[in-house]
1. Would you confirm, using the coordinates I've provided, whether residue 50 is of a type in the set (A, V, I, L, M) and farther than 23 Å from residue 29 by Cα?
2. Got at least one residue in the range 75-95 being more than 20 Å from residue 116 (Cα to Cα) and among the aliphatic types (A, V, I, L, M)?
3. Do the conditions hold for residue 2, that is, is it surrounded by 11 or more Cβ atoms within 10 Å (Cβ to Cβ) and either modelled with pLDDT under 85 or within 13 Å of residue 83 (Cα to Cα) (or both)?
Amino acid sequence: MNFPDIFQNYWPLLALGLWFAYKSWNSKRVVAMLPELKKNGATFVDVRSAAEFASANAPGTINIPLQELGRRLGEIPKSSPVVLCCASGTRSGMAKLMLRKNGYLNVHNIGTWSKLLG
């Protein structure tokens with residue numbers, strides 16, 4: 001089996017590995033930016049369900065479940081940074097795309113909500 005055959009057979013695993021590596025790198029980058037984001041008046045939004053949020057959350061976050069985000073955009077100011085979180089980083093990634101599509105320029109996905117505790 002030569003290299004092209006290996007790549008052809010295993011590219012989905014490689015792509016998945018690269019995706020998780022990117023999510024991890026980006027999350028660490030946002031964690032490092034937290035002091036500056038807080039200083040600039042960031043809004044912290046947890047896009048998990050209301051039940052998930054009620055069971056545990058980071059102080060200072062507001063809960064706008066992903067499925068409600070489109071109709072509740074008015075609750076999030078466009079004039080300051082927005083930091084999004086959820087359980088794994090997937091829903092907050094989708095929320096970031098939605099906010100960017102709606103004109104929010106300074107949006108960050110920190111991944112899991114617990115990273116806001118540190």
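The values are calculated or read from the model by the stated rules, or taken from the named source; none is laboratory data. From a predicted model like this one, the values you see are computed outputs, not experimental measurements. Note that each Cβ is placed from the backbone with ideal geometry, even for glycine, and that neighbours are counted across all protein chains shown.
1. It is true that residue 50 is of a type in the set (A, V, I, L, M) and farther than 23 Å from residue 29 by Cα.
2. no
3. no
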